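One structure below.
The values are calculated or read from the model by the stated rules, or taken from the named source; none is laboratory data. Predicted model only: the values in this text are computed from it and were never measured. FYI the Cβ positions are ideal-geometry reconstructions off the backbone, even for glycines, and counts take in every protein chain you see. Remember, those area values only see protein heavy atoms, side chains included, never the ligands or the DNA or RNA. Shrake-Rupley method; radii C 1.70, N 1.55, O 1.52, S 1.80 Å.
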Amino acid sequence: MALIEVKKLEKIYGEDGVETPALRGLTFNIEKAEFVAVMGPSGCGKSTLLHVLGFLDRHTRGTYLFDGKSIDQYSDDDLATVRNKKMGLVFQMFNLLPRTTVFENVKLPLAYSGVKESLWDGIVMNAIKEVGLEHRAFHETTKLSGGERQRVAIARALVNDPQVIFADEPTGNLDSKSGGQIMELIENLHERGRTIILVTHETYTAEYAERIIRLKDGLVEADLQVHARHHRGDEFIK
């Protein structure tokens, strides 16, 4: 059974009686432990798709099954619970709490997790160590570099041991060196069994994936299996 199954998925935004389709009937599966990059020009539906798959928004028509269960069977509270326990989300703008430490930011999802509070400190430190920031654990995030802040965001996404990590343009605010380090970290998480769904417009970022789904005007333009380690730079994935 695939982790994610979508069939004829549509998302339509409406305002003042005017409908604007963002997704126009997407059909694909994503297996557990896959690393998939979603690419395409601005406005093609990449972020909308990630928001729907990551339970941040609901689709308009079609079918979306997560781990064998239709999203239509979840209440909004159910969606929030599953998102907290089974999904980790990483964004371009980091979305960290201001004037708080790395440790406090990473700890936040545990407050809604049901995990015993006595276990939190150990879980948080393990997540911080996983992204190589234990020496910064009690620094304020505003005093960190952009690359370090994105590592904090990844640690926060990991703290509840999710099945899948969604990353929306995770290198978009970083220089090429920091961006490469973040992608190596994400690649390492995949190699250790995580499912990764990456939204990006950057070819060098997508080259870390083993599969690339290209969107255009809300439709799947191409769905390519690639072998990231052996095909980086090959013309057909650009």
Looking for something modelled with pLDDT under 95, open to solvent by 70 Å² or more (accessible area, probe 1.4 Å) and within 18 Å of the chain's Cα centre (by Cα) - is there at least one such residue anywhere in segment 87-105? yes
Looking at the structure I just gave you, is residue 119 at pLDDT 95 or above and either open to solvent by less than 30 Å² (accessible area, probe 1.4 Å) or among the β-branched types (Val, Ile, Thr) (or both)? no
Which residues, taken from segment 192-210, are more than 15 Å from the chain's Cα centre (by Cα) and modelled with pLDDT of 95 or more? 210
Residue 140 fails exactly one of (1) modelled with pLDDT of 95 or more; (2) buried (at least 21 other Cβ atoms within 10 Å of the Cβ), namely (2)
Can you name the condition, by its number, that residue 44 falls short on among (1) open to solvent by less than 40 Å² (accessible area, probe 1.4 Å); (2) in contact with a helix residue (DSSP H, G or I) (Cβ under 7 Å, 6 or more places away or on another chain); (3) among the hydrophobic types (A, V, I, L, M, F, W, C)? (2)
Here are some residues: 161, 175. Which one is within 17 Å of the chain's Cα centre (by Cα), among the charged types (D, E, K, R) and modelled with pLDDT under 95? 161
So which residues in segment 204-228 are open to solvent by less than 50 Å² (accessible area, probe 1.4 Å) and part of a helix (DSSP H, G or I)? 205, 206, 228
Candidate set from segment 1-22 (those that are at pLDDT below 95, open to solvent by 80 Å² or more (accessible area, probe 1.4 Å) and not small (Gly, Ala, Ser)); member that is nearest to residue 49 (Cα to Cα): 13
Taking the stated definitions as given, is residue 161 in a loop (DSSP other than H, G, I, E, B) and either open to solvent by 20 Å² or more (accessible area, probe 1.4 Å) or not polar (S, T, N, Q) (or both)? yes
